[in-house]
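Visitor: One structure coming up, written as structure tokens, with questions to follow.
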Amino acid sequence: MSNDKRISLQQAAEIIKDGSSLTFSGFTIWRRPMAIVYELIRQHRKNLHLIEVQGGSHTEFLIGAGCVDIWESCWVGHELYGKYGANLSRKVADKQIIVEDYSHAEMMFRFAAAASGAPYAVTQTSLGTDLHNPEYDMLGRAGLRDGKRIAKHKYQFTEDPFFGAGSQVLIPAAKVDIAVMCVQQVGEEGTVRVNGQYYSDPEVARAADITIVMAEEIVPEEYLRRNADQNTIVSFEVDHILECPFGAHPTGMFGRYDVDGPFLKDFYGRTRTQEGFDDFAREWIHGQDHMSYLEKLGWPRMLKLRANTALNYSVRDKGGK
Amino acid sequence: MATEYATPEEYGLADLMCCAAAREVQDNEVVFAGTGLPMVAIMLAQKTHAPNLKLIFEAGTLDGRPPEIPTSVGDARCEMGASRSSGLYDAFSIAQRGYVDLGFLGGAEVDEYGNVNTTCIGDYLNPELRLTGSGGNPDINSFAKRTVFIMVHEKRRFTPNVSYITSPGWRVKKWPGGEFVHRRELYGAAYRGGPSAVISTAGVFRFNELSGKIYLDTCHPGKTPAEIKEMCFFDLDISRVNGETLPPSREELYIIHEVLDPEQIFVPKVKKG
């Protein structure tokens with residue numbers, strides 16, 4: 001096997017098999033690997049198990065398209081462009097999806113545990129809430145807690161054995177097959193440099209068995225290694241790389257382009273029903289590839305979103321206004 | 001110089017709520033704020049009476065000084081002028097470590113002990129409506145010394161039983177049985193406080209120091225205590241009402257509309273007739 005980690009967009013989606021567990025880079029509507037998400041939808045991927053620190057627009061696309069059986073996380077929506085995840089809500093009401101709720105910090109700490117090879121993390125967050133209600137262990141209710149990839153228990157409670165600090169919650173490591181990342185720069189050997197807030201990217205990349213990095217640009221590895229202290233993810237934690245400009249659109253990317261608010265508003269408004277989602281997917285996903293998608297969006301729209309390189313955000317557009 | 005307060009026709013409810021929320025902040029505090037009105041409120045405080053407040057955004061901005069309002073906490077605008085920009089592991093570790101004085105949060109439903117729901121409406125196992133989910137709401141609320149909730153006031157949202165306790169109030173459920181206990185009992189060494197105020201579109205509410213029960217503190221101009229009591233499904237204590245919520249000052253309105261949110265992304269301008 002060659003050391004070349006480069007793959008195509010189609011190959012990136014093909015690595016993700018039906019039934020895989022997946023996680024992502026980014027935060028809500030920022031730096032989500034949308035081009036790969038669209039390709040998964042075109043390839044009709046099924047039975048995915050999403051385990052994410054928090055969801056966002058990409059979650060809504062995958063769920064709307066029927067790719068997801070299990071969503072294990074804490075939040076989904078489009079921030080100010082759509083107040084909740086309408087596709088998730090519809091599928092929850094129709095019992096077409098299993099939702100396992102944790103808190104945001106719990107999800108983060110679950111990934112940090114997985115990233116350090118620990119079987120669980122310990123925390124005191126969310127004590128006394130329904131997140132810990134044993135009746136609401138949805139993977140347990142579905143008989144899916146086999147103790148292999150899915151933990152035997154949703155939570156365990158214990159007392160601090162060291163300092164007497166009281167009730168503690170044990171939360172299982174987030175064991176996940178594939179992390180799909182979208183970043184500004186990746187080197188030829190896989191070193192990643194994220195600009196701006198890196199959200200939970202270092203932990204999710206390290207936790208996953210396979211890490212796919214889609215970057216705005218592939219840069220010479222040597223360029224990134226000149227300033228190793230500025231790099232975010234280690235070369236050998238990354239299995240596959242690809243270059244895909246505007247691959248996060250309609251989500252935003254620090255220093256490159258802002259969130260396409262009108263696009264997300266349109267998606268949120270039109271995808272309350274399954275018919276609406278299917279119609280949106282016919283317009284923007286099926287029968288397209290990444291280049292024809294960009295062409296359809298058009299230069300004026302993309303230039304409006306383009307970030308000012310001194311400020312790292314667009315000065316032509318704010319919140320779609 | 002005496003503060004010049006705006007007249008009722010010069011401001012809207014969102015302005016009033018932002019200013020009321022900003023006044024909950026004291027200078028030098030470490031404050032954790034979510035997307036939306038909480039963000040406007042905290043930055044208003046930073047630009048008025050609390051210039052030394054330390055601002056944390058959940059996505060990974062620590063001690064941020066954004067020049068204008070970010071569109072969400074993941075926004076590139078968050079980290080301008082920050083002490084450090086990193087990620088969620090830092091933000092939540094700092095919160096769990098006990099650095100956070102005040103959290104600003106939202107909610108769909110609240111009960112009389114300050115338990116807040118952002119997860120679903122109706123039975124969790126057969127929900128009428130699935131909402132966004134917890135996000136960092138329970139985490140910030142578990143770890144901060146005080147939390148302030150900013151909410152739309154509708155009677156169905158002020159309920160004796162929230163559909164799902166997403167975020168812990170003063171009396172919370174002890175699992176596996178689910179019996180209600182005071183939060184202090186459950187949190188042990190991690191107990192630092194809890195919800196300190198709810199700012200709704202009707203008034204400002206606080207919590208009894210001993211019982212943890214909610215009471216009406218101030219009514220927004222134009223509302224009476226009896227009207228607000230009628231706007232809650234639980235029996236609201238109106239025995240401690242402390243007059244009207246102070247209106248926004250002209251300076252505060254200027255900062256909200258001309259400095260922080262000129263695009264009116266979060267706070268609409270009142271149209272002058």
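The values are calculated or read from the model by the stated rules, or taken from the named source; none is laboratory data. All values reported here derive from a predicted model rather than from experimental measurement. No Cβ is skipped: glycine too gets one built from the backbone with ideal geometry, and neighbour counts run over all protein chains shown.
Visitor: Considering each residue of segment A:220-257, count those that are within 12 Å of another protein chain (Cβ to nearest Cβ) and in contact (Cβ under 8 Å) with a residue 60 or more places away in the chain, and give that number.
Guide: 7
Visitor: Out of all the residues in segment A:119-172, which are of a type outside the set (Gly, Ala, Ser), touching a residue at least 40 places away in the same chain (Cβ under 8 Å) and over 29 Å from A:Ser20 (Cβ atoms)?
Guide: Answer for segment A:119-172, where residues must be of a type outside the set (Gly, Ala, Ser), touching a residue at least 40 places away in the same chain (Cβ under 8 Å) and over 29 Å from A:Ser20 (Cβ atoms): A:Gln124, A:Leu127, A:Gln168.
Visitor: Could you run through segment B:132-152 and say how many residues are assigned to a loop (DSSP other than H, G, I, E, B) and surrounded by 21 or more Cβ atoms within 10 Å (Cβ to Cβ)? Step through it out loud before you land on a result.
Guide: Residues of segment B:132-152 assigned to a loop (DSSP other than H, G, I, E, B): B:132-136, B:144-145, B:152.
Right, trim to surrounded by 21 or more Cβ atoms within 10 Å (Cβ to Cβ) and you get B:132-136, B:144.
So the answer is 6.
Visitor: Okay, moving on. Give the residue, chosen from A:Glu283, A:Glu188, A:Glu217, that is over 30 Å from A:Tyr84 (Cα atoms) and surrounded by fewer than 18 Cβ atoms within 10 Å (Cβ to Cβ). Please lay out each step first, then the result.
Guide: On the way: A:Glu283 fails: over 30 Å from A:Tyr84 (Cα atoms); A:Glu188 fails: surrounded by fewer than 18 Cβ atoms within 10 Å (Cβ to Cβ).
One residue alone meets the criteria, A:Glu217.
Visitor: From the set of residues in segment B:160-219 that are outside any loop (DSSP other than H, G, I, E, B), touching a strand residue (DSSP E or B) at 6+ places or on another chain (Cβ under 7 Å) and of a type in the set (Ser, Thr, Tyr), which is farthest from A:His132 (Cα to Cα)?
Guide: In this case the residue turns out to be B:Thr218.
Visitor: It is to be established whether one or more residues within segment B:193-210 are away from chain A (no Cβ under 14 Å), at pLDDT below 95 and surrounded by fewer than 19 Cβ atoms within 10 Å (Cβ to Cβ).
Guide: Scanning segment B:193-210 turns up at least one residue that is away from chain A (no Cβ under 14 Å), at pLDDT below 95 and surrounded by fewer than 19 Cβ atoms within 10 Å (Cβ to Cβ).
Visitor: Which one of the conditions (1) touching a Ser or Thr at 6+ places or on another chain (Cβ under 7 Å); (2) at the interface with chain A (Cβ under 8 Å from one of its Cβ atoms); (3) surrounded by 24 or more Cβ atoms within 10 Å (Cβ to Cβ); (4) not charged (D, E, K, R) does B:Leu129 fail to meet, given that it meets all the rest?
Guide: So the condition that B:Leu129 fails would be (3).
Visitor: Can you pull out the residues in segment B:75-86 that are over 15 Å from A:Ser200 (Cβ atoms) and either surrounded by fewer than 24 Cβ atoms within 10 Å (Cβ to Cβ) or in contact with a strand residue (DSSP E or B) (Cβ under 7 Å, 6 or more places away or on another chain) (or both)? So that I can check it myself, show each step before the final result.
Guide: So in segment B:75-86, the residues over 15 Å from A:Ser200 (Cβ atoms) come out as B:75-84.
Once the filter is applied, which keeps residues that are over 15 Å from A:Ser200 (Cβ atoms) and either surrounded by fewer than 24 Cβ atoms within 10 Å (Cβ to Cβ) or in contact with a strand residue (DSSP E or B) (Cβ under 7 Å, 6 or more places away or on another chain) (or both), segment B:75-86 yields B:Arg77, B:Cys78, B:Glu79, B:Met80, B:Gly81, B:Ala82, B:Ser83, B:Arg84.
Visitor: I'd like to check which strands (runs of 3 or more DSSP E) are fully inside segment A:136-238 and have at least 3 residues that are more than 18 Å from A:Ala12 (Cα to Cα). Explain how you work it out, then say what you get.
Guide: Working: elements: A:156-159, A:167-172, A:178-187, A:210-219.
Output list reads A:156-159, A:167-172.
Visitor: Looking at the structure I just gave you, is A:Pro245 in a loop (DSSP other than H, G, I, E, B) and of a type outside the set (S, T, N, Q)?
Guide: Numbers: in a loop (DSSP other than H, G, I, E, B): yes; of a type outside the set (S, T, N, Q): yes.
Considered against the rule, which asks whether it is in a loop (DSSP other than H, G, I, E, B) and of a type outside the set (S, T, N, Q), A:Pro245 comes out as yes.
Visitor: Quick one: count up the residues across segment B:87-110 that are touching a Pro at 6+ places or on another chain (Cβ under 9 Å) and surrounded by fewer than 23 Cβ atoms within 10 Å (Cβ to Cβ).
Guide: First, pick out the residues of segment B:87-110 that are touching a Pro at 6+ places or on another chain (Cβ under 9 Å): B:87, B:89, B:103-106, B:110.
Checking which are surrounded by fewer than 23 Cβ atoms within 10 Å (Cβ to Cβ) leaves us with B:89, B:106.
Residues in segment B:87-110 being touching a Pro at 6+ places or on another chain (Cβ under 9 Å) and surrounded by fewer than 23 Cβ atoms within 10 Å (Cβ to Cβ): 2 in total.
Visitor: What number of residues within segment A:191-214 satisfy the criterion of being surrounded by fewer than 22 Cβ atoms within 10 Å (Cβ to Cβ), out of contact with any helix residue (DSSP H, G or I) (no Cβ under 7 Å at 6 or more places or on another chain) and among the charged types (D, E, K, R)?
Guide: Looking only at that region, the number is 1.
Visitor: Give, as residue ranges, the helices (runs of 4 or more DSSP H) completely inside segment A:7-121 that count at least 1 residues that are within 13 Å of another protein chain (Cβ to nearest Cβ).
Guide: Details: elements: A:9-15, A:34-42, A:57-64, A:86-93, A:104-115.
The helices (runs of 4 or more DSSP H) meeting that bar are A:57-64, A:86-93, A:104-115.
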